[in-house]
Amino acid sequence: MGQENFNQMRKAMVVSQLRTTDVSDPRVIAAMSHVAREDFVPAAQRHFAYADRGVQIGEGRSLNPPLTTGRLLDVANITPADKVLLIGAATGYTAAVLAQLAGSVVAVEQNSKLAATAKKNLADFANVTIECGNHAEGWGPSAPYSVILLDGLAEQIPQTLIDQLAPDGRIVAAIMHDGVPRLALGRTAAGHVGYQYFADCGGCPLPGFEEAKSFKF
């Protein structure tokens with residue numbers, strides 16, 4: 001498939017997936033129009049790069065659907081003044097989009113192979129740092145962050161991440177809420193976070209945020 005076709009697919013993604021579903025921040029639209037998503041997926045999956053679903057990237061992982069990523073970025077209201085912690089760097093796509101929006105990005109990936117791929121893909125991005133570490137532990141050495149974005153579906157958000165938010169910081173994620181995956185915007189107050197759920201929208205599971213299973217009798 002030629003580059004011209006990928007360019008057309010990217011434009012179609014913006015028109016049919018983002019603009020029709022309340023993704024209205026012009027900077028988010030511009031960033032997702034600019035970053036070539038096909039460069040962040042395996043060759044065999046490139047023709048699915050802009051599909052309205054997750055895209056398999058190996059290691060049992062998938063990139064979030066473009067719509068999910070777009071809506072989270074839209075409500076996060078990221079500016080060049082923000083330092084962002086991205087949980088789930090995967091192959092680097094969302095970090096590349098964030099690099100267009102934020103002053104600096106720290107992206108954590110717990111799978112060493114994916115972390116190496118992300119570092120390779122983002123070698124030319126001066127404001128992005130890829131760290132290999134446990135998703136649920138975030139990256140304390142660079143805290144606090146004004147924004148934390150989880151690039152995948154979580155069953156729960158640990159206090160460890162909340163503690164890495166700056167005062168008045170915000171966190172965006174797809175969270176299982178009453179058994180339904182919902183997009184959420186959280187804001188800090190007195191060391192705690194209150195979440196506003198704003199859309200039922202699926203995300204690809206992100207390892208490290210599973211709830212402990214209890215025994216039932």
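Beta bridges per DSSP, both residues in the chain: antiparallel share near 50 percent. Measure nothing fancy, just the Cα-based angle from helix 3-13's long axis to the longest principal axis of the chain, in degrees from 0 to 90, nearest 10. The helix 3-13 is inclined about 50 degrees to the chain.
Between the C-alpha center of the range 136-172 and that of the range 57-110 there is a gap of 13 Å. For the chain, modelled as a GNM whose springs connect Cα atoms under 10 angstrom apart, the maximal fluctuation among 126, 89, 49 occurs at 126. Given in Å, the Rg to one decimal and the Dmax to the nearest whole number for the Cα atoms of the range 16-89 are 12.9, 38. Each label was represented as a point 7 Å from its Cα along the Cα-to-Cβ direction; for residue 79 and residue 211 these points are 3.7 nm apart. Calculated [222 nm] ellipticity per residue, helices only, for the chain: -6500 deg cm²/dmol; basis is -39500 (n - 2.57) per DSSP H run with n ≥ 4, divided by all residues, nearest 500. Have a look at 123, 166, 174 and tell me which one the Gaussian network model of the chain (Cα, springs below 10 Å) gives the largest fluctuation. Sorting by GNM fluctuation, first place goes to 123. Size of the range 76-217: Rg and Dmax of its alpha carbons, in Å, are 14.7, 55.
For the range 1-133, what Kirkwood radius comes out of the mean inverse Cα-Cα distance, in Å? One decimal place: 14.8 Å for the Kirkwood radius. With R₀ fixed at 35 Å, the C-beta to C-beta distance from residue 7 to residue 180 puts the FRET efficiency at about 0.50. Among 40, 125, sorting on how many other beta-carbon atoms sit within 10 Å of each Cβ, with the fewest leading, yields 125, 40. Candidate cross-link partners of residue 120 among the aspartates and glutamates, defined by an alpha-carbon separation under 18 Å and a same-chain spacing of 8 or more, comprise 38, 39, 59, 109, 131. Note on residue 53/residue 156: beta-carbon distance plugged into 1/(1 + (r/R0)^6) with R0 of 25 Å gives a FRET efficiency of 0.55.
Here, each number is a calculation from the coordinates, and none is a lab measurement. Remember, it's a predicted structure, so these values are computed and weren't measured experimentally. Glycine also receives a Cβ, built like all others from the backbone with ideal geometry; neighbour counts cover every protein chain displayed.
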